[in-house]
Amino acid sequence: MELRKILEDIAVQHGVKFSFIEEDVKRFSLIPPPTALPLKAKLNYIATRTGINYREAGNYIAIYIDINLPVLKICGYLRDENNDPIQDASIRYASGKSISTDAEGYFEMPLEKSGKILVSHPAFDPQRFENSDFNEDCK
């Protein structure tokens with residue numbers, strides 16, 4: 001779920017108001033914290049999974065990111081049923097950004113905030129994934 005939506009839900013649940021720069025939160029998508037958690041635990045849950053920071057002032061909570069926060073990436077190898085690399089497969093976001101796998105079947109690209117990823121190659125059936133399926137940075 002998009003971080004913006006999670007923050008909206010938390011604001012309603014706990015009677016708080018969030019302040020943030022849209023660009024700072026739109027890059028994040030994650031599984032929402034359990035609704036039964038107290039506010040502080042939800043904020044820590046989000047901070048741990050995204051690297052964002054927050055500051056509380058009464059009923060107001062400022063959300064901000066460290067300007068040195070790295071861009072999260074997804075990466076991997078595409079292989080066929082014989083474990084052979086799939087070269088020139090297309091990995092494409094709904095936004096239109098795309099990349100092709102190399103000779104080893106490897107790809108690496110920045111993780112977009114939300115949406116779907118389409119993996120296609122003329123020799124195989126296309127596969128669709130949710131961006132939220134990728135929750136760890138490429139190592």
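Computed from the coordinates by the stated procedures, all read-outs in this text should not be read as laboratory data. Keep in mind the model is a prediction, meaning the values are calculated, not measured. Using ideal geometry, Cβ is built from the backbone for each residue, glycine included, and neighbour counts are taken over all protein chains shown.
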Q: Rank by packing, highest mean first: peptides 94-103, 18-27, with packing defined as the count of other Cβ atoms within 10 Å averaged across residues.
A: 18-27, 94-103
Q) If you average the sequence gap of Cα pairs under 8 Å that are 6 or more apart and divide by the length of the chain, what percent do you get for the contact order? A) 21 percent
Q: Might you report the magnitude of the Cβ-based charge dipole of the chain about its Cα centre, with Lys and Arg at +1 and Asp and Glu at -1, to the nearest 20 debye?
A: 720 debye
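Cα gyration tensor of the stretch 3-64, axes a ≥ b ≥ c as square roots of the eigenvalues: rounded (a/c below 1.5), prolate (a/b > b/c) or oblate?
Numbers: a/c = 1.43, a/b = 1.10, b/c = 1.30.
Judged from the Cα gyration tensor, the stretch 3-64 comes out rounded (a/c under 1.5).
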Q: Indicate the gyration tensor shape class of the chain (rounded, prolate or oblate), computed on the Cα atoms with a ≥ b ≥ c the square roots of the eigenvalues: a/c under 1.5 is rounded; otherwise a/b larger than b/c is prolate and the rest oblate.
A: prolate
Q: Just list whichever of Lys40/Lys97; Lys40/Lys73; Lys17/Lys73; Lys73/Lys116; Lys40/Lys116 have alpha carbons separated by over 25 Å in the model shown.
A: Lys40/Lys97; Lys40/Lys73; Lys17/Lys73; Lys40/Lys116
Q.
Compute the angle between helix 39-50 and the longest alpha-carbon principal axis of the chain, please, reported from 0 to 90 degrees and rounded to the nearest 10.
A. 30 degrees
Q: Return one number: the angle in degrees, 0 to 90 and rounded to the nearest 10, between the long axis of the Cα atoms of helix 3-14 and the longest principal axis of the Cα atoms of the chain.
A: 30 degrees
Q: Would you work out the relative contact order for the stretch 73-133, in percent, from Cα pairs under 8 angstrom that are 6 or more residues apart?
A: 31 percent
